[in-house]
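The values are calculated or read from the model by the stated rules, or taken from the named source; none is laboratory data. None of the values given here were measured: they were computed from a predicted structure. Ideal geometry is used to build each Cβ from the backbone, glycine not excepted, and the neighbour counts take in all protein chains shown. Just the protein is used for accessible areas: all its heavy atoms, side chains included, with ligands, DNA and RNA removed. Shrake-Rupley method; radii C 1.70, N 1.55, O 1.52, S 1.80 Å.
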Amino acid sequence: MIEKDTFNPQLTIDALPTIEDVLFTNISKKLLWKNIINLSIFFFILMTLGILFYLFGESDFKEVLEYVLIGVLVLYIVFIIVQIKAIRFKQYALRSKDLLYKSGWIWRRTTAVPFARIQHSEVVRSPFDQLFDIATLKIYTAGGSSSDLSISGIPEKRAEKMRAYIVRQAKLQDEEE
Amino acid sequence: MKRSDVLPPQRQSIFALGLMLFKMYKVFFKALWPALVLLLVNNRNYTLAIILLGVILVGAIVLAVIKYYRFQYSITEEGVAIESGIFTRKHTDIPFKKIQTIDFEQSIYHKICDVVKVNIDSAGSGKEEINFDAISAHDARLFRDLALAKKGSNKVESNQDSRASFAKEPAPIVHIRLWDLIKAGIVENHFRSGGVLLFIIIGFYDRLRELKIIDYTEEEVADIIMGATYLMVFIGLFFFLSFLISLGRMALKNYNLRLVRRGDGFIYRGGLLTTRQVSIKDHKIQVVTWKDNLLKRLIGFNDVFIKHASADRTGKKSSVKIPACQQHHIASITRSIYGESNHPQEVHYSDKRMFTRFYLYIWLIFLPVIALLAYYIPHIVPIVTVIFLLMVLLRYFAWHNYSMAIHADHLVINKSVIGKNISMLHFHKIQSVECEQSPYQRRKDLATLTIYSAGGNLRFPYIPFNVGKQIMDKLLYEVERSKLPWM
């Protein structure tokens with residue numbers, strides 16, 4: 001006979017596992033360097049084109065172009081500051097049944113994806129990722145692109161380990177269902 | 001697959017040949033029409049053009065006939081087996097337990113020939129959809145009944161039982177009559193139909209000008225259109241046609257619409273020229289939403305959307321819309337899916353700052369704008385003032401109505417503004433949960449909660465941060481402990 005209390009015990013909200021108690025791991029600082037290099041290459045190309053146009057283009061636009069180039073430079077500095085500030089807010093945590101990810105310096109966001117809802121996962125490494133020995137872990141759910149999760153800047157070996165763990169747990173949960 | 005056939009291997013109805021031929025012609029013409037036009041217009045090589053046309057006509061017939069004769073299906077007690085392929089033979093077995101949905105469709109051609117188009121959605125690693133162009137209505141029903149029985153229970157249902165069960169179809173929980181459809185058509189969104197009409201008129205006008213049938217200059221056209229009489233007639237005609245289009249669309253798409261509760265799912269059927277039949281299993285339903293607008297509310301009508309996931313594992317969403325639903329229809333649908341409506345365990349509302357912050361900001365924008373307008377274009381100040389006041393009013397209603405009710409196994413989110421907009425979602429259908437804070441929300445200890453499902457996202461803004469975290473924890477707990485299938 002089933003014990004009354006163990007069959008369907010009452011749970012209070014306070015007894016539920018809470019995200020607040022979870023110890024999050026910061027993503028690798030190497031991501032910051034990767035992002036700075038990416039941004040620098042992009043802005044370098046943009047500035048070079050602007051300067052070439054300034055030197056050899058129509059003289060009518062030169063005055064406007066000066067302001068545009070200064071604007072681009074300011075934008076570059078702002079983007080770098082955002083990257084530096086945002087890096088420490090990017091954190092992740094694995095629990096036995098879900099993956100948690102915190103991000104955002106200005107808009108703070110915490111996302112939780114239960115393993116049982118993961119459709120597939122992958123580890124992606126761009127050439128810069130390979131240079132810094134980091135990777136991006138991508139998690140896909142059936143909730144569409146807005147609910148998919150992409151965590152950049154995880155050390156490569158750890159990303160692979162995490163993916164293997166997620167696949168194992170997702171399969172386990174699938175079997176339980 | 002064990003070959004204990006309920007239906008031995010056979011071809012589709014002979015009428016499928018006509019549809020296959022039509023498809024082949026479409027493919028051929030799509031690929032070869034530029035060559036045909038070049039031969040006829042540029043080179044004026046009529047002999048070659050006739051030869052090409054002949055190749056298209058004969059080639060399509062030959063391929064369609066081969067395709068028809070090489071496509072065979074059989075229904076066994078375990079599932080459906082299909083042999084197909086024009087040049088390469090392909091054998092496909094779909095066990096009943098893998099079948100997610102079976103949809104029937106009947107165009108006028110199907111109706112005249114008494115055949116049915118069947119679309120089968122099956123769970124696989126990728127998109128795996130099987131279509132029968134035209135099989136006899138009897139075979140289609142037999143197949144659907146067997147599949148439903150197999151999915152519902154493991155015991156085998158005989159051919160005879162299946163036919164009997166189809167004959168005794170339960171009474172529909174929703175049956176939209178023609179008069180209700182006409183009323184729903186009257187209160188439909190005519191602006192959408194108007195947009196379609198405008199698009200057609202502009203396209204048609206451009207085409208006539210290209211062909212030099214209309215040869216007005218831009219100025220002449222502007223004169224004509226701007227003429228007060230023409231403008232009045234044009235506007236009147238425009239609204240009348242928009243209205244007729246809405247009405248026609250509503251009647252054609254939803255004629256004799258029925259939603260029947262059958263086993264652990266629904267069967268939706270409706271449409272005049274093309275009858276669409278969709279089977280929706282309960283576990284596939286992700287979100288149920290019902291909406292109205294001011295006009296619809298006057299006659300007590302709502303549009304109900306049953307959003308369900310398809311077999312495509314990439315997360316394709318499908319939705320069935322049932323117009324002209326009354327409150328008792330909604331109650332029947334939601335009761336079938338979510339059980340009897342009990343008092344919620346918790347109800348949460350958006351914080352008043354969702355409105356007050358907007359109210360403050362709108363004044364900050366409104367006052368300088370009004371000051372500038374009063375100086376430069378004073379006569380439009382009343383119009384702008386009304387627009388601003390309307391915005392404030394809409395925001396007030398949005399804040400006032402926003403609520404989230406948490407029940408034992410599902411939640412209800414009300415995000416009505418003027419029209420109703422209520423969604424229901426089982427906990428175990430949730431894909432992921434997100435809690436977000438803007439800088440302002442952080443200062444005021446507020447947050448916005450977003451719940452993602454395979455049937456769309458549900459947002460709940462300006463909730464106290466602590467409550468948001470608690471709800472997030474609860475939802476995750478419910479999703480993770482649930483053993484119920486979500487798709």
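The H on the amide N of A:R95, modeled in the peptide plane, is under 5 Å from the matching H of A:L100, each at least 5 residues off or on a different chain.
List the pairs from B:K150/B:K474; B:K30/B:K90; A:K138/B:K307 whose alpha-carbon separation is above 28 Å, in the order I gave them. Don't skip to the answer; put the middle values down first.
Working: B:K150/B:K474 35 Å; B:K30/B:K90 26 Å; A:K138/B:K307 26 Å.
Too far apart for the 28 Å limit: B:K150/B:K474.
Inter-chain Cβ neighbour count for A:117-124, averaged per residue, equals 3 (cutoff 10 Å, partner chain atoms only). Considering only the Cα atoms of the protein assembly as shown, their convex hull presents on average a projected area of 42.5 nm². Measuring between their Cα centroids, the range A:50-106 and the range B:72-96 lie 55 Å from each other. Counting charges near B:V392 (Lys, Arg +1; Asp, Glu -1) among other residues having Cβ under 15 Å from its Cβ returns a value of +4.
Our note on the geometry: Cα centres of the range B:432-450 and the range B:237-310, 35 Å apart.
In sequence order, the range B:181-186 has phi-based couplings of 5, 5, 4, 5, x, 5 Hz under the Karplus curve 6.51 cos²θ - 1.76 cosθ + 1.60, θ = phi - 60°, and Gly or Pro positions carry x. Going through the range B:53-140, which trypsin sites (Lys or Arg not before Pro) have at most 10 other Cβ atoms within 10 Å and a DSSP loop state? Qualifying residues, ordered by number: B:R89. Less than 5 angstrom separates the built amide H of B:L446 from those of B:F465, all sequence-distant by 5 or more or on a different chain.
Would you mind telling me the share, in percent, of accessible area of the range B:37-142 contributed by carbon and sulfur at probe 1.4 angstrom?
Working: 3250 of 5360 Å².
Using a 1.4 Å probe with all protein chains present, the range B:37-142 comes out at 61 percent carbon and sulfur.
Overall, the accessible surface of the range B:394-433 at a probe of 1.4 angstrom is composed of carbon and sulfur to the extent of 61 percent. Buried on complex formation within the range B:461-487 (loss of at least 50 square angstrom of accessible surface versus the isolated chain, 1.4 Å probe, ligands and nucleic acids ignored): B:D473, B:L476, B:Y477, B:E480, B:K483, B:W486. Under the convention that each Lys and Arg Cβ holds +1 and each Asp and Glu Cβ holds -1, the size of the dipole of the range A:134-177 around its Cα centre is about 320 debye.
Taking a Cβ cut-off of under 11 Å around A:R88, the surrounding Lys, Arg, Asp and Glu residues balance to a net charge of +4, with basic ones at +1 and acidic ones at -1. Per-residue mean of foreign Cβ neighbours for B:425-437 is 6 (Cβ atoms of other chains, 10 Å radius). Taking the Cα centre of the range B:11-110 as origin and assigning +1 to Lys and Arg Cβ atoms and -1 to Asp and Glu Cβ atoms, the resulting dipole is close to 380 debye.
Counting only other chain Cβ atoms within 10 Å of each residue's Cβ, the peptide A:130-141 averages 1. Report summary: the helix-based calculation at 222 nm, which adds -39500 (n - 2.57) for every DSSP H run with n ≥ 4 and divides by the residues of the protein assembly as shown, gives -15500 deg cm²/dmol. Computed from phi, the 3J(HN,Hα) profile of the range B:277-288 under the Karplus parametrisation 6.51, -1.76, 1.60 (θ = phi - 60°) reads 10, 10, 9, 10, 7, 3, 5, 8, 6, 9, 9, 10 Hz, with x in place of Gly and Pro. The charge dipole of the protein assembly as shown, taken about its Cα centre with unit charges on the Cβ atoms of Lys, Arg (+1), Asp and Glu (-1) only, comes to about 880 debye. Accessible surface for the range A:97-177, divided over its residues, is 47 Å² per residue with a 1.4 Å probe. Each peptide among A:132-145, B:431-444, A:162-175 gets the average number of other Cβ atoms lying within 10 Å of its residues, and from highest to lowest they stand as A:132-145, B:431-444, A:162-175. Note that the range B:223-381 presents 54 Å² accessible area per residue, ligands and nucleic acids not counted, probe 1.4 Å.
For the chain pair A and B, buried accessible area totals roughly 2900 Å², probe 1.4 Å, rounded to the nearest 100. Sequentially through the range B:86-103, phi angles give Karplus couplings (6.51, -1.76, 1.60; θ = phi - 60°) of 7, 9, 10, 7, 10, 10, 10, 10, 10, x, 4, 5, 8, 6, 8, 9, 10, 10 Hz, Gly and Pro residues having no value and appearing as x. For the range B:37-137, chymotrypsin sites (Phe, Trp or Tyr not before Pro) are listed when DSSP marks them as loop and at most 11 other Cβ atoms sit within 10 Å of their Cβ; the list is B:F87.
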